[in-house]
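The values are calculated or read from the model by the stated rules, or taken from the named source; none is laboratory data. If you're wondering where the values come from, they're calculated on a predicted model, not measured in any experiment. All Cβ positions, glycine included, derive from the backbone under ideal geometry; neighbour counts span all protein chains shown.
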Amino acid sequence: MDREEKQINEAALEVRKKKQPSKKGNAIELVSHYCKGCGLCVDSCPTGTLLLEDNVSSKFGISVMVDAPEYCIGCKMCERRCPDFAIFINHEMEKEKQ
Amino acid sequence: MSERKVLQGNIIVAKAAISAGCNFFAGYPITPSSEVAQYLSKEFPQMGRDFIQMEDEISALGACIGASLSGKKVLTATSGPGFSLMQEHLGFAVMAEIPLVIVNVMRGGPSTGIPTKPSQADMMQTRWGTHGDHPIIVLYPAFSDEIFSETIRAFNLSEKFWNPVILLLDEVIAKAHEDIEIPEKKDINIYKEKVNVIKDLNIYDRNIGENPPRVDFFKGYPIHIDGLEHDSHGWPTSDPVIADKMQNLRMQKIYHYQDEIIKFNEYHMEDAEIMVFAFGVSARAALNAVKEARDEGIKVGLFQPLTIWPFPKKALQERFKKIKKILTVEMNMGQIKYEIERVSPDDVKKKTLLRANGIPFTPKEIVNSIREFTK
Amino acid sequence: MNKYEKYIRYQTFPTPWCPGCGDGIVLKSIAMAFSDLDIDPNDIIVVAGIGCSGRMPTFFNTNTLHTTHGRALTFATGVKLSRPDKLVVVISGDGDALAIGGNHLIHAARRNIGIKMILINNGVYGMTGGQVSPLTPQKFVTETTPYGNIEPKFHPAELLIAARATFVARETVNRTIQLKEVIKKSFQHKGFSVVEAISNCHINLGRKNNMKNPVKMAKWIAERTVTKAQFEKMTPAERDHKYPVGILQENTDRYEYSELYHKHIVTAAKESAKKNKKK
């Protein structure tokens, strides 16, 4: 990870410090083979749930990982901002609704 | 019953398009083909068919492609400068295999040239105008009734082979008002075999010589049409194996059936020792010249191609077995003459009558050339 | 599978765009707009020109058409006139729409033909490796302005309004909910509509202007995003570097072109034909 990618993680951890774990559990689904490790989801998350990590098996050598799932509040900002359809929140529940 | 009328060539094209079921025209004004647009701008709305004048020839052909893909039978008409602007979209229509008819009324070139005088100098442009290897069908009537029948044939061939067809005219036959017999509806056969159902999304998957099992847009299938090289779905690919296969499929789609596509007339060829090869306005003068020369005892005949591309190579080589002299007459500085040289054996003597100043040949000039050729 | 994924053609994934490119966000926002309006995929066609944005139709599970550079609007005009009942969406980049395609853009706007254009403005030619475009900010370095861009950029909204566009809006790829909402409104608008989506090309434009990371460039965009009200209070000098967002023009009292043609021209023509027959 380069300097700017590390800064994205540091910012996420800063945000997480000011938050509490959410009461309602939310399902975070990663589609790893689509994730290009751009970090937009990490930047969008209002509670610092996600972080970037080096990942040899990913095409770009970097990808997102769920570092603190209990902090996820299910707001889906990460899902909306993911350009590659690589992260879904409560995806299963959506399926049953259909 | 059929009607006898005196009509301008451009209007004959428009009327034939209506008879062929054409229901979308997008064009741009240009001498000498504007009458096609003007006539259809009046007639089409009365039939609930679509007419639009676009902002240039590029957008005119673009609109035609969009309409053709949406189930319309489309036409545009232009001349040299506009035809040059249309080349990229002509290539797109070949690549995505889209039926459409482009009328190109040839005027003096190059550039702005002599807009009010005829020429036959776009012959090679119709074959090679757009970039890349591509198949093309180009028809070129000479006499007034042929303008009608070749327009119908242009639509039928473009629908049957999912390929653009260029209908060439020159300024004389496009602008001249002549009598013509408009056939009755029942005597005009229109090609209709468009499918509305496909078994899967492999809309470009077929064998050599077969047509793509394709449907138009909005038929309930999420089809993709692309100018990029594409796989059997139409999805972009640069895979060399697929690219090679697709190039051949597109080419063979036309050249596998060239005998069916190629059409020509011949006059007084039974015992001819000299063959005059002429098309469009030049064929009219050539026919009179051939008759005049025959009266003087010269054994000469006229070969008049209606299909320019694919070039009637087989038919000519058949005739070269007996006829050892060919006189090519064309209003340019030599274009089809290179095709003649390419297809004719060494023992055939070749002569040309060329002119590119906007003045069509007279029968007298052609007769003199025939006389010289007998020596 | 979320409802909006019904409009996505997963068989053609992964997308070819660079990690963090805004095009993927625009793709998703459009799919979400389709989903909110519950439109039958068969009634939708997505048309695009050439460029990074040009590859977007491949990923929609609707009728899709990838045309030539700058000419998507001309193909779409043919489609809309032939099938006025269909939702015709055109995706175009700033180069595709405002450089080579500029002439077709102003004519589509003037005609008010019911085409829904999404103009993705990332201020550069991305596909071809980062050349300057008509929307590249002045002084920016690109592959063809190594000494800084001297050309002033278009103000697309004013250009389109002057060309009589009846719906012009702008959003950014940072504001995904607002972007989807304004795209939805543009779909519901009768007539020609343009939604300009400010997007990030950090790999080409950003890299040469010290914003090589998508998050950093996203912040650069955010700092220039202002509301219409804020924009109106600014001095011309300040305005030049700002992107006012929201609906900038909405005029609903003009006929849509294909409706005008099919309802008025065709009926008038049929009447005059009847009159001539009587003579």
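Pick out, from segment B:62-145, the strands (runs of 3 or more DSSP E) lying fully within it that include 3 or more residues that are crowded, with 24+ Cβ neighbours inside 10 Å and within 14 Å of chain C (Cβ to nearest Cβ).
B:74-79
Is it fair to say residue A:63 is within 22 Å of residue C:23 (Cβ to Cβ), of a type in the set (Ser, Thr, Tyr) and in contact with a Gly (Cβ under 9 Å, 6 or more places away or on another chain)? Give the derivation first.
Details: within 22 Å of residue C:23 (Cβ to Cβ): yes; of a type in the set (Ser, Thr, Tyr): yes; in contact with a Gly (Cβ under 9 Å, 6 or more places away or on another chain): yes.
Here the answer is yes, as residue A:63 does meet what is asked.
Please work out if residue A:25 is touching a helix residue (DSSP H, G or I) at 6+ places or on another chain (Cβ under 9 Å) and at positive phi.
The answer is no for residue A:25.
Which of (1) surrounded by 24 or more Cβ atoms within 10 Å (Cβ to Cβ); (2) closer than 16 Å to residue C:12 by Cα does residue C:77 not meet, given it meets every other one?
(2)
Determine if segment A:30-45 includes at least one residue that is within 12 Å of another protein chain (Cβ to nearest Cβ) and part of a strand (DSSP E or B).
no
Regarding segment C:228-238, can at least one residue be identified that is at negative phi, touching a helix residue (DSSP H, G or I) at 6+ places or on another chain (Cβ under 8 Å) and surrounded by 18 or more Cβ atoms within 10 Å (Cβ to Cβ)?
The answer is no; no qualifying residue exists.
So in segment C:252-264, with the set limited to residues that are more than 9 Å from chain B (Cβ to nearest Cβ), assigned to a helix (DSSP H, G or I) and surrounded by 14 or more Cβ atoms within 10 Å (Cβ to Cβ), which one is nearest to the chain's Cα centre (by Cα)?
C:259
Can you find a residue that is more than 8 Å from chain B (Cβ to nearest Cβ) and in contact with a strand residue (DSSP E or B) (Cβ under 6 Å, 6 or more places away or on another chain) anywhere in segment C:109-116? So that I can check it myself, show each step before the final result.
Filtering segment C:109-116 down to residues more than 8 Å from chain B (Cβ to nearest Cβ) leaves C:109-116.
This time we only want the ones that are in contact with a strand residue (DSSP E or B) (Cβ under 6 Å, 6 or more places away or on another chain), so: C:115-116.
Yes, segment C:109-116 contains a residue that is more than 8 Å from chain B (Cβ to nearest Cβ) and in contact with a strand residue (DSSP E or B) (Cβ under 6 Å, 6 or more places away or on another chain).
Would a scan of segment B:2-12 turn up a residue that is surrounded by 20 or more Cβ atoms within 10 Å (Cβ to Cβ), in contact (Cβ under 8 Å) with a residue 24 or more places away in the chain and part of a loop (DSSP other than H, G, I, E, B)?
Looking for residues that are surrounded by 20 or more Cβ atoms within 10 Å (Cβ to Cβ), in contact (Cβ under 8 Å) with a residue 24 or more places away in the chain and part of a loop (DSSP other than H, G, I, E, B), one finds none in segment B:2-12, hence no.
Is it the case that residue C:42 is away from chain A (no Cβ under 14 Å), on the phi < 0 side of the Ramachandran plot and surrounded by fewer than 24 Cβ atoms within 10 Å (Cβ to Cβ)? If you could, list the steps in order and put the result at the bottom.
On the way: away from chain A (no Cβ under 14 Å): yes; on the phi < 0 side of the Ramachandran plot: yes; surrounded by fewer than 24 Cβ atoms within 10 Å (Cβ to Cβ): yes.
For residue C:42, the condition - away from chain A (no Cβ under 14 Å), on the phi < 0 side of the Ramachandran plot and surrounded by fewer than 24 Cβ atoms within 10 Å (Cβ to Cβ) - is met.
Identify, by number, the condition in (1) small (Gly, Ala, Ser); (2) under 30 Å from residue A:60 (Cβ atoms); (3) more than 14 Å from every other protein chain (Cβ to nearest Cβ) that residue C:218 doesn't meet.
Only one criterion in (1) small (Gly, Ala, Ser); (2) under 30 Å from residue A:60 (Cβ atoms); (3) more than 14 Å from every other protein chain (Cβ to nearest Cβ) is unmet by residue C:218, namely (3).
Considering only segment C:1-34, how many residues are in a helix (DSSP H, G or I), more than 7 Å from every other protein chain (Cβ to nearest Cβ) and under 18 Å from residue B:235 (Cα atoms)?
So the answer is 4.
Report those strands (runs of 3 or more DSSP E) wholly inside segment B:211-327 carrying at least 3 residues which are away from chain C (no Cβ under 14 Å).
By residue number, B:264-267, B:274-278, B:300-305, B:307-309.
Give B:343, B:329, B:348 a once-over and let me know the one that is outside the structural domain of residue B:116 (by TED's automatic domain parsing), crowded, with 21+ Cβ neighbours inside 10 Å and aliphatic (A, V, I, L, M).
Result of the check over B:343, B:329, B:348: B:329.
Going by the conditions given, is residue C:267 of a type outside the set (A, V, I, L, M) and exposed (fewer than 13 other Cβ atoms within 10 Å of the Cβ)?
Yes, satisfied.
Among the residues in segment B:174-182, are any in contact (Cβ under 8 Å) with a residue 60 or more places away in the chain, part of a strand (DSSP E or B) and closer than 19 Å to residue B:77 by Cα? Talk me through it step by step, then tell me what you get.
First, the residues of segment B:174-182 that are in contact (Cβ under 8 Å) with a residue 60 or more places away in the chain: B:174-182.
So of that shortlist, the ones also part of a strand (DSSP E or B) come out as B:177-182.
Pick out the ones that are also closer than 19 Å to residue B:77 by Cα and you get B:177.
Yes, that holds for at least one residue.
Determine which member of the set C:185, C:153 is assigned to a helix (DSSP H, G or I), away from chain A (no Cβ under 14 Å) and surrounded by fewer than 24 Cβ atoms within 10 Å (Cβ to Cβ).
Selected residue: C:185, the only one of C:185, C:153 that is assigned to a helix (DSSP H, G or I), away from chain A (no Cβ under 14 Å) and surrounded by fewer than 24 Cβ atoms within 10 Å (Cβ to Cβ).
Among the residues of segment C:70-80 satisfying the criterion of being among the small types (Gly, Ala, Ser) and assigned to a helix (DSSP H, G or I), which is nearest to the other protein chains (Cβ to nearest Cβ)? Before you say what the answer is, go through the steps one by one.
Looking only at segment C:70-80, we keep the residues that are among the small types (Gly, Ala, Ser), and these are C:70, C:72, C:76, C:78.
Remaining after also requiring assigned to a helix (DSSP H, G or I): C:72, C:76, C:78.
Values: C:72: 8, C:76: 6, C:78: 3 Å.
Ranking the qualifying residues of segment C:70-80, first place goes to C:78.
Restricting attention to segment C:207-227, which residues are of a type in the set (Val, Ile, Thr) and either surrounded by 14 or more Cβ atoms within 10 Å (Cβ to Cβ) or without any contact (Cβ under 8 Å) to a residue 12 or more places away in the chain (or both)?
Within segment C:207-227, C:215, C:221, C:225, C:226 meet the criteria.
In segment C:81-106, which residue that is assigned to a helix (DSSP H, G or I) and within 8 Å of chain B (Cβ to nearest Cβ) is surrounded by the fewest Cβ atoms within 10 Å (Cβ to Cβ)?
Applying the filter and picking the extreme gives C:103.
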